[in-house]
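Please read the structure below before turning to the comments.
Derivation of every value follows stated rules applied to the coordinates shown; laboratory data play no part. Values in this document were obtained by computation on a predicted structure and should not be read as measured data. In this analysis, Cβ positions are derived from the backbone assuming ideal geometry, glycine residues included, and neighbour counts consider all displayed protein chains.
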Amino acid sequence: MTTDILALFDQERYNNEIPNMRREANLEIVRYIDLVSTRSTITYTKLSLERVEAVIEQEVAYFEELDHEFEWKVYSQDIPSDLKVHLVAHGFEAEEPAEAIVVLAVDNAPAKLLQPVSLDIRRITYADQLADVREIHDHVWQNDSSWLVDFLAATLESSPNYISIYVAYKDNQPVSCGWTFFPMHSQFAGLFGGSTVAAYRQNGYYTALLAARLQEAQQRGVPYLTVDAGPMSLPVLEKLGFRLLCHATACNWHGKSAVDKP
C-alpha cells in the first residue's frame, strides 16, 4: 500500500502548482521560481548519470542569473540515488539529518486526533496576525523569520484556500504554531511549520495543532496528510499512526560568493 501512495505522491510532486511561484518543468526536473522573494526551489529530479553534472551546472547558472538562492530538495527515490553527493561536491549545503516524509490516511486517524480540541487553538486569517507566528519561530529557531512571514502573508492574501495557519495560545501568549498546504485537486495536504516554544513543550500543543489541521483536512475530503518530520517530531507522529513514506534532504545554494569563501 505504501508503494502505491509513494507513486501517487511522486506524481503530484511533479504536477503541483504553488501560489506565488512560477512552475517550470521538463522530464528531468521541476523548479519553482519565487515571485515574492528570492528563495526558489527544485522539488523533483530524474537524471541520468551522464546528465547529472551538466544539469547541476545549468541550474546553478540559471538561478545565479536570477540572483536567487535556491533549495534543491532531494528525495530518497529521486534519480540518481547519489544526487546529494553530486550537489555537495558542487558547493551545496545539505541539511542533516534528512527529513522523514511520513503519511497518514485521514480515515485511519486515531481517535485522539478526532476529538474536539480543548486547548486555545486559533486559525490565523489576516496577515497582521502573523506577528504571533514570527514571535514563535524567532524564539524557537533563533533566527530572523521575516522572510517566512512575508511568504505566509503573500500566500494568505493570494490563495486563502491553499493555506491554513494555526497558532496555539496560553493565557493569550502565542506558544506553538503550524500550517497546512492544500494543493488544488491534490490527494495530499502537507503539514508544515510545527514549532513550540521550549517552555511549553510536553503540554499537548503540538498534538492539538495536529488535531485541528487533520480535522480540517477531513472536512475538506483530503485522503492523506504528510509531514516533513525532523528527529524531535518523528516519534510523536509515529505514535499517532503516521508511517514512513520516504526521506528528503534540503540542499541549499547560497551563491558562488558563499562557495568561494575561505
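Which pairs in the list Lys170/Lys239; Lys73/Lys112; Lys84/Lys239; Lys46/Lys239 are over 27 Å apart, alpha-carbon to alpha-carbon? Could you put the intermediate results ahead of the total?
Values: Lys170/Lys239 25 Å; Lys73/Lys112 32 Å; Lys84/Lys239 30 Å; Lys46/Lys239 33 Å.
Those over the limit are Lys73/Lys112; Lys84/Lys239; Lys46/Lys239.
Using Cα springs under 10 Å in a Gaussian network model of the chain, which residue among Met184, Met21, Met232 shows the largest mean-square fluctuation?
Ranking Met184, Met21, Met232 by mean-square fluctuation puts Met232 first.
In the neighborhood of Pro19, defined by Cβ-to-Cβ distances under 12 Å, what is the net charge if each Lys or Arg adds +1 and each Asp or Glu adds -1?
-1
How big is the dipole moment of the chain about its Cα centre under a simple scheme where the beta carbon of each Lys and Arg is +1, that of each Asp and Glu is -1, and everything else is neutral? Debye, nearest 20, please.
Its charge dipole is roughly 980 debye.
What's the FRET efficiency of Ser146 with Ala7 using the Cβ-Cβ distance as r and R₀ = 41 Å, to the nearest 0.05?
After rounding, the FRET efficiency stands at 0.60.
Report the residue, chosen from Glu95, Glu65, Glu238, that carries the largest GNM mean-square fluctuation when the chain is represented by alpha-carbon nodes joined by springs under 10 Å.
Top of the fluctuation ranking is Glu65.
Report, to the nearest 10°, how far helix 205-220 tilts away from the longest principal axis of the Cα atoms in the chain, using its own Cα long axis and a range of 0 to 90°.
80 degrees
With each run of n ≥ 4 DSSP H residues scored as -39500 (n - 2.57), what mean residue ellipticity at 222 nm is computed for the chain after dividing by its residue count and rounding to the nearest 500 deg cm²/dmol?
-10500 deg cm²/dmol
Binning at 10 Å from 0, report for the range 13-169 what percent of all alpha-carbon pair distances ends up in each bin.
Calculated over all Cα pairs of the range 13-169, the distribution is 9, 28, 34, 22, 7, 0 percent.
Please report the net charge: other residues with Cβ closer than 15 Å to the Cβ of His86, K and R +1, D and E -1.
-4
Shape verdict for the range 142-245, please, from the Cα gyration tensor: rounded (a/c under 1.5), prolate (a/b greater than b/c) or oblate.
Taking the square roots of the gyration eigenvalues as a ≥ b ≥ c, the range 142-245 is oblate.
Using θ = phi - 60° and the Karplus relation 6.51 cos²θ - 1.76 cosθ + 1.60, list the HN-Hα couplings for the range 231-244 in order, rounded to whole Hz, with x at every Gly or Pro.
Couplings: x, 6, 8, 4, x, 5, 5, 5, 5, 9, x, 5, 10, 5 Hz.
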